[in-house]
Structure formats: structure tokens, C-alpha cells
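Data first, discussion second: the structure below is written as C-alpha cells.
Read the figures in this text as sums done on the coordinates, not as results from a lab. Being a predicted model, the structure only gives us computed values, none of them experimental. Virtual Cβ from ideal backbone geometry, glycine too; neighbours counted across all protein chains shown.
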């Protein structure tokens with residue numbers, strides 16, 4: 001806390017305590033900023049019921065209780081406080097720290113006092129203090145000396161959002177602003193201009209602020225340090241990314257308390273800062289956390305919960321930390337058991353960032369800086385009904401794409417190099433939200449198994465209910481893989497991933513070489529993963545994904561009729577994509593336009609980002 005003494009404003013010497021209402025305040029780790037009664041109770045309690053220690057809020061600080069989303073055509077939200085806020089008991093007499101003349105008293109409770117001959121004065125030798133939330137005790141023209149009462153606290157009611165009785169004092173060096181622009185809150189873009197005409201009144205009020213032990217970096221500073229310390233290959237979203245400090249539900253919040261609807265993130269599966277997940281993590285961290293070679297109940301019960309969601313004979317769980325690790329292990333198992341090295345993949349797919357899975361990720365090895373197709377990787381045509389060989393007008397598209405896959409498998413077998421595995425996402429995410437056509441995965445799995453290959457379903461992005469109609473995407477295709485990998489949604493942002501396979505395959509893999517992963521399946525991870533499943537199943541989020549997803553698909557499809565740039569709308573549940581084109585006939589990818597649209601969305605409080613082969617989805 002930041003403290004200071006003043007014998008004048010309160011009429012006696014007191015100690016002030018800062019009340020931090022910014023988005024990064026620890027107060028909002030446990031108190032809801034948008035429930036006024038809870039916020040007021042917390043602030044009042046922290047100040048000894050407002051009778052012992054008065055509180056203050058800092059000049060030009062952001063207010064989380066006023067957090068709001070920027071919207072198209074609407075004014076920028078006013079989240080920045082101008083002046084110092086004093087949180088005192090109702091009826092408290094407040095005195096002037098400077099001699100001056102009252103030049104304004106209005107019906108809204110705004111009092112303006114003009115002061116001359118002070119070191120803080122502006123170019124014209126004057127400074128004006130403006131007081132909000134007081135019942136005035138003087139009229140215009142009254143001459144006040146130091147210590148005279150300006151008024152008694154009644155509180156400023158201009159959307160102070162549950163803080164309770166609070167008054168604001170501004171110290172203004174510009175006469176026009178002082179006499180006309182009576183605002184307590186401004187938008188973030190106005191902060192610099194106001195800092196030049198409204199100085200920090202805290203020293204004037206006797207509040208001697210002390211530097212924080214750890215100064216928070218501004219957004220510009222964070223970006224500069226990130227650019228200096230992180231590899232350039234670790235790119236951030238957006239040309240000018242906001243500095244995020246808090247999140248909840250479907251919302252991100254930046255340092256200025258501006259909100260952003262998160263429609264891109266498939267990691268925070270059950271919502272940002274989900275209370276039950278947070279509680280589970282906190283509870284387990286205070287009890288036990290170690291590696292998975294020790295025995296504890298959590299790993300057994302969590303593994304059982306995962307298996308309960310899967311069809312038989314998938315029943316043996318390998319815990320890992322990331323989807324990349326899960327897919328890497330799937331390749332290792334397949335290659336070790338079959339004694340083969342070759343792998344079949346779908347063109348455009350992405351399966352992770354280890355060396356092994358980069359080698360089966362055409363999205364990377366054929367992309368910028370890629371090294372080309374490895375000799376052991378064999379690509380199937382992307383079963384894309386918008387751009388591929390067989391389109392939406394072909395009812396047998398799925399079977400035709402599968403027939404081409406079968407031909408590839410048979411050719412590889414004839415060459416004496418049949419694949420160890422065929423790996424496929426149930427809905428291709430990074431490839432551009434490609435929905436596999438009906439019949440494709442079932443027929444392709446059958447063709448792969450006919451040449452002795454394992455079938456791997458990569459559910460890292462689309463699993464755990466997001467598909468809507470099914471808990472796992474592969475179920476919608478009527479197949480059961482030999483190995484299923486899962487990741488992002490399991491931990492709601494915590495690094496949890498897993499591979500599940502059959503007992504037969506797991507036993508065949510156990511040839512004496514130990515498998516161990518230091519952090520995978522630790523007690524905290526298992527507690528978090530269990531809590532995520534509790535929320536998904538208890539809150540019926542799978543059903544909700546189907547309902548909301550169907551609504552969005554219908555609305556976006558209708559929107560396509562109005563905007564020729566929308567070439568295709570596709571998806572399942574809450575995993576969908578809109579492909580943008582510059583020419584609806586030639587289907588020319590609208591790559592630059594997609595990026596610019598996402599920048600505009602960001603500036604209007606929505607996070608999205610293009611993906612796909614052409615970065616236009």
C-alpha cells in the first residue's frame with residue numbers, strides 16, 4: 001500500500017491507504033468488480049469501515065469497475081480516472097490545502113476553486129482545484145484560506161460502480177478546462193492530453209506516494225522487452241497487441257480496463273479464470289505436487305475420468321504436457337511396434353512443434369522457412385470441399401478423397417514401405433477449419449489398417465466437447481482410432497495433454513524401454529484436469545457448444561449472401577471458420593484483407609486471427 005500524511009484536507013493528520021482499482025489489482029483476484037455490493041463491502045472492510053483509514057485512488061489510473069468493450073460506432077469507454085479519488089466516510093468535512101476563491105458551484109455537486117501564487121500554477125500564474133462529490137459549504141465568490149472546509153462528503157455518483165462514497169479532486173492548469181470540461185473519467189486515448197493540463201493532486205493533498213517495489217511495465221515497455229528478449233519466431237498476435245492483465249469467462253482485459261471478446265482461444269476451454277478450476281489448482285498446490293512415479297489418487301481417478309469419455313477398447317492413458325508431446329509419443333509408439341518409419345498425413349495439417357511432429361506437419365515444412373517434405377512423410381490431398389478436387393456439389397466427395405488415400409497406401413505397400421501410421425485431425429484446425437466430408441475418415445482408416453498402419457486421431461484442438469454433437473471429433477465420423485491424442489482443452493490453460501490407446505498396443509510398446517515424463521500427470525495437473533471435466537459435463541457445455549455453434553453457422557451463412565468476400569462458412573459446434581476471398585468465382589484468398597479485418601476486430605474489442613494455408617480463414 002502507498003501511505004501519506006496530511007493535516008489539512010481531512011482537518012487532522014491521517015494516514016492514507018491506496019485502494020488499487022486497476023485491472024491488475026490483487027483485489028479483483030477474489031472480488032467481482034462488476035457486483036457493486038461485493039466491491040463496496042471489500043473496499044469498506046479494507047479501510048476499517050471508513051472510520052479509521054481513508055483511502056485514495058491514483059490520478060490517471062484505470063478503473064476495473066468501469067471495464068467495457070469498445071464497439072463499432074460507439075465512443076471509446078471512459079475507464080481512466082482524472083485526479084485523485086478520496087474514499088472517506090459520508091459526511092466527512094474536507095478542507096482546502098491552498099487559499100483561493102470559489103469560482104464555480106453547480107447543481108451536480110462540482111466545486112471549482114481558483115488559486116494564485118502557488119508553485120504548481122500554470123503559465124498564467126493560476127491553478128484550479130475541482131472537487132466532485134461534496135455538499136458545498138460556500139457560494140461563488142467566497143474567499144477561502146488554508147484549512148477552510150470546501151464541503152462535506154456525499155460521494156460522486158457518476159458510475160463509480162460500487163466503490164461507495166468517494167470524492168474526486170483535480171488540479172488543473174488550463175483555465176478553459178477548469179471552467180468547462182467537468183469530467184472525472186476519460187478514455188485511454190485522452191490520457192496524454194489530460195496529463196498535460198491536469199497535474200497529480202496527491203502531493204497537494206498531502207498524500208506522499210512512494211514508488212512501488214515493482215513498477216508495472218506499460219504496454220509499450222512490455223512490447224519493447226518482448227522484442228528484445230524473445231526470439232522473433234515467437235510472434236505475438238496483432239501488429240500492436242494490447243497489454244493484457246486480466247481475464248474472466250470469455251473476456252480479456254488490458255491495462256486500461258478495455259475488454260476483448262475472446263473468439264480465438266481454444267485453450268481456455270471452460271472460460272478464463274474459471275473459479276472451480278482455480279480453486280482446484282490452489283487447493284492441490286497447497287497439499288501435494290510431485291512427479292507421477294509417486295503414488296497418489298489424483299492420477300488414477302483422472303485417468304479413469306478420461307477413459308470414461310472414450311469408446312472401447314481405448315483404455316490406457318499416457319500423460320504428457322503438450323499436444324506436441326502427445327503426437328510425438330503417438331509416432332514413437334507406431335514406429336516402434338510396426339518397425340516402420342513412414343507416416344501418412346493430410347496436406348495442410350499441423351501436429352505440433354517437436355522435430356518428429358514437425359516432420360508430419362505440412363503446414364510447417366511447406367510453409368515459410370520450411371525444409372520440404374521429409375522422405376518418410378506421405379501426403380494425402382486435403383479433403384477440402386471448397387478448394388479441393390471434389391467439392392460441395394459432389395455427394396461422394398468423402399469416398400473419392402478416401403479412394404485416393406487408399407491408392408497411396410497401396411502404392412507405398414507395393415514399394416515395400418507401408419506407413420507405420422496415418423495421423424489425422426477430426427476437423428483440421430490450422431489448415432483452415434477444414435471439415436472432413438462424410439465417409440472420408442471411416443474409409444481412410446479402413447484403407448490404412450488394410451496395410452497394417454495404426455490410425456491416430458489428433459483431438460488436440462477439437463476434443464473435449466467442442467465438437468458439439470460428440471465429445472470427441474472422431475466419434476462424429478463413426479470411427480474408433482488405435483491411438484487418440486488430446487491436449488489444449490484438458491487443462492484450461494494449464495499444460496496438460498494425454499495419449500490414450502488400447503491395452504494391446506500399450507503392452508506391445510512396453511519392450512523394456514521406460515517411458516517417463518517429469519511433469520506429466522502431476523497432482524496439480526490431474527486436479528485441474530478433473531475440474532475441467534467437472535465443468536464441461538456438469539454445465540452441459542458440449543450441448544451448449546452445439547446450440548451456439550448451430551446459431552453462429554446459420555447467421556454467418558446468411559451473412560455470406562450479403563458479402564461476396566465470404567467464400568465459405570464451415571465448422572462443427574464451436575470450432576468454425578469463415579474463409580475470405582477477393583473473387584468469389586476464382587476464390588482468390590483474401591489474405592491481406594483477413595489480417596486487416598482481425599486488426600479492426602481487435603480495435604473494436606474482439607480477438608480473432610486468420611489461419612489456414614493462405615491465412616484467410
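Based on the alpha-carbon set only, what is the convex hull volume of segment 225-287 divided per residue, in Å³?
Details: hull volume 9.2 nm³, N = 63.
Convex hull of Cα atoms, per residue: 146 Å³.
Students often check this: by mean Cβ neighbours within 10 Å, which of 170-183, 455-468 ranks highest, and how do the rest follow?
Taking the mean over residues of other Cβ atoms within 10 Å, the ranking is 455-468, 170-183.
When the distances between all Cα atoms of segment 5-199 are binned every 10 Å from zero, what whole-number percent does each bin get?
Calculated over all Cα pairs of segment 5-199, the distribution is 9, 36, 36, 16, 2 percent.
Please report the spacing between the Cα centers of segment 384-448 and segment 121-154 in Å, no decimals.
Rounded to whole Å, the Cα centres lie 77 Å apart.
What's the exposure ranking of 471, 238, going from fewest to most Cβ atoms within 10 Å? If you can, show how the numbers build up before the last one.
On the way: 471 19, 238 15.
Fewest-to-most Cβ neighbours within 10 Å comes out as 238, 471.
Calculate, in nm to one decimal, what residue 558 and residue 516 gain on full extension: separation in residues at 0.36 nm each, minus their alpha carbon distance.
Full extension from residue 558 to residue 516 adds 10.0 nm.
Within 10 Å of each residue's Cβ, count the other Cβ atoms and sort 64, 295, 576 from fewest upward.
So the residues, fewest neighbours to most, are 295, 576, 64.
Between residue 121 and residue 604, what is 0.36 nm times their sequence separation minus the Cα-Cα distance? Round to one decimal in nm. Working shown, then result.
Numbers: separation 483, 0.36 × 483 = 173.88 nm, distance 3.90 nm.
Gain in length upon complete extension: 170.0 nm.
Which angle between 0 and 90 degrees, to the nearest 10, do you get for helix 440-450 versus the longest principal axis of the chain when only C-alpha atoms count?
50 degrees
How big is D, in µm² s⁻¹, for segment 527-569 by Stokes-Einstein at 25 °C and 0.890 mPa s if Rh is the Kirkwood radius over C-alpha pairs?
Once the numbers are plugged in, D ends up at 198 µm²/s.
Give the order of 593, 475 when sorted by the count of other beta carbons within 10 angstrom, beginning with the fewest.
593, 475
Find the relative contact order for the chain and round it to a whole percent, using C-alpha pairs within less than 8 Å whose residues are 6+ positions apart. Provide the component values of the computation, followed by the final result.
Numbers: 1307 pairs, mean separation 77.6, N = 617.
Dividing the mean separation by the residue count of the chain yields 13 percent.
Go ahead and run the numbers for FRET between residue 366 and residue 32, Cβ-Cβ distance against an R0 of 45 Å, rounding to 0.05. Could you put the intermediate results ahead of the total?
Working: r = 48 Å, r/R0 = 1.06.
In this case the efficiency is close to 0.40.
Given axes a ≥ b ≥ c from the Cα gyration tensor, I'd like to know whether segment 442-515 is rounded (a/c under 1.5), prolate (a/b larger than b/c) or oblate.
Taking the square roots of the gyration eigenvalues as a ≥ b ≥ c, segment 442-515 is oblate.
Where in segment 67-97 does the label zone of residue 273 land, with the point 7 angstrom along Cα→C-beta and an amide N cut-off under 20 Å?
Within reach of a label on residue 273, which here means backbone N under 20 Å from a point 7 Å along Cα→Cβ, segment 67-97 contributes 67-70, 77-81.
Take the alpha-carbon centre of segment 215-244, take the same for segment 94-119, and report the distance between them in whole Å.
Using only Cα atoms, the two centres lie 43 Å from each other.
For the chain, find the longest principal axis of its Cα atoms and tell me its angle to the long axis of helix 297-308, 0 to 90°, nearest 10.
60 degrees
Do the sum for the chain: with -39,500 (n - 2.57) for every DSSP H run of n ≥ 4, divided by all residues, what is the mean residue ellipticity at 222 nm, to the nearest 500 deg cm²/dmol? Please list the in-between numbers first.
Numbers: 15 runs with 167 residues, N = 617.
That comes out to -8000 deg cm²/dmol.
Of (1) 24.0, 75; (2) 51.3, 171; (3) 30.6, 102, which is the value of Rg and Dmax of the Cα atoms in Å derived from the coordinates here?
Of the labelled values, this structure produces (3).
Any chance you could give the angle, 0 to 90 degrees and rounded to 10, that helix 323-338 forms with the longest Cα principal axis of the chain?
Once rounded, one gets 10 degrees.
Once label points are set 7 Å from the Cα along Cα→Cβ at both residue 336 and residue 217, what is their separation, rounded to one decimal in nm?
4.0 nm
State whether segment 323-486 is rounded, prolate or oblate according to the following rule on the C-alpha gyration tensor (a ≥ b ≥ c being the square roots of its eigenvalues): a/c under 1.5 gives rounded; otherwise a/b larger than b/c gives prolate, and the remaining case gives oblate.
Note, shape of segment 323-486 comes out rounded.
Return the distance in nm (one decimal) between the two label points of a simple spin-label model at residue 286 and residue 265, each offset 7 Å from Cα along Cα→Cβ.
Label at residue 286, label at residue 265, 2.5 nm between them.
Quick one: what Rg and Dmax do you get for segment 541-607 from the alpha carbons, in Å?
Answer for segment 541-607, Rg first and Dmax second: 13.1, 39 Å.
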